[in-house]
Amino acid sequence: MPDSLHIRLLGEFSVAIDGESVSGLNSARIQSLLAYLLVNRAVPQSRQQLAFLFWPETSDSQAQTNLRQLLHTLRRRLPAVADALLVDERTIRWHADAPLHLDVAEFEAALARAKQMVGNERLIALEEAAAVYRGALVPDCYDDWIQAERERLAQQHLAALEQGMLLREERREYPQAIDLARQLLAADPLHEATYRRLMRLHALNNDRVAAM
């Protein structure tokens, strides 16, 4: 098992081991399987359910065969990642002791801290979460399972930006609030309330030209 395994799912799919970027994971099916196992990393996943999820239109036996072949391909192409998986006859899950640095986990941890904090510490946690979120969950994946997870994380990102913007405004830190408002609009160009908020923030920042 590597000393350090970095996996990004937000904005792109990428893997780095001990600081070195890893190639050979261009298969959409491998990326989707790894993303699913990572998003659900806290719970062992039934092999039967995984096979049905990824190959719903085949027979159970064929789907199970496809899953075995995919796991074999993963082990051949990237043994270090495969070694971080605990695989038995019934389940697959991530090894609890795997030295994993996962952007989704960092994003969710920052949001959890924000809920427990107040004042400046809450603001820092919200902005840390916003910084970690670099785009949609595995944007090149089009499997049905990912849509709900992608939307959930996207909405959490928007909420973090909005809460941070409001806290910055309360503190009269208008340039920082403006930056967060712009990030929010970049993520959701149809967020009409934020356009109004941005005009207000420019006015409060004594920039009437920008407000107009």
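The values are calculated or read from the model by the stated rules, or taken from the named source; none is laboratory data. Everything numeric in this text was worked out from a predicted model, so none of it was measured. Cβ: placed from backbone, ideal geometry, glycine included. Neighbour counts: every protein chain shown. We work out accessible area using only protein heavy atoms, side chains counted, and drop any ligands, DNA or RNA first. Shrake-Rupley method; radii C 1.70, N 1.55, O 1.52, S 1.80 Å.
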Please enumerate the residues belonging to region 128-150 that are out of contact with any His (no Cβ under 8 Å at 6 or more places or on another chain), without any contact (Cβ under 8 Å) to a residue 40 or more places away in the chain and closer than 19 Å to Met165 by Cα. Glu128, Ala131
Looking at Arg182 and the list (1) out of contact with any Asp or Glu (no Cβ under 8 Å at 6 or more places or on another chain); (2) within 27 Å of Tyr36 (Cα to Cα), which single condition is not satisfied? (2)
Residues of region 51-74 being part of a helix (DSSP H, G or I), more than 28 Å from Ile17 (Cβ to Cβ) and of a type in the set (Val, Ile, Thr), in sequence order, are Thr65
Across (1) of a type outside the set (Lys, Arg); (2) modelled with pLDDT of 95 or more; (3) in contact with a helix residue (DSSP H, G or I) (Cβ under 8 Å, 6 or more places away or on another chain), Gly11 clears everything bar (3)
Could you check region 129-180 and list, in sequence order, the residues that are more than 15 Å from the chain's Cα centre (by Cα) and among the aliphatic types (A, V, I, L, M)? Leu161, Met165, Leu166, Leu167, Ala177, Ile178, Leu180
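Conditions (1) open to solvent by less than 30 Å² (accessible area, probe 1.4 Å); (2) of a type outside the set (A, V, I, L, M, F, W, C); (3) part of a loop (DSSP other than H, G, I, E, B); (4) within 17 Å of Asp144 (Cα to Cα), marked per residue:
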site: Glu12; (1), (2), (3), (4): no, yes, yes, no
site: Val15; (1), (2), (3), (4): yes, no, no, no
site: Ile30; (1), (2), (3), (4): yes, no, no, yes
site: Leu33; (1), (2), (3), (4): yes, no, no, yes
site: Leu38; (1), (2), (3), (4): yes, no, no, yes
site: Val43; (1), (2), (3), (4): no, no, yes, no
site: Gln49; (1), (2), (3), (4): no, yes, no, yes
What are the pairs, 6+ residues apart or on separate chains, where a residue within region 38-66 that is of a type in the set (A, V, I, L, M, F, W, C) has its Cβ under 8 Å from a residue that is open to solvent by 60 Å² or more (accessible area, probe 1.4 Å)? Val43/Arg93; Ala51/Asp60; Phe52/Asp60; Phe54/Arg29; Trp55/Gln62; Ala63/Phe52; Ala63/Pro56
Across region 17-28, what is the total count of residues that are surrounded by 15 or more Cβ atoms within 10 Å (Cβ to Cβ) and assigned to a loop (DSSP other than H, G, I, E, B)? 2
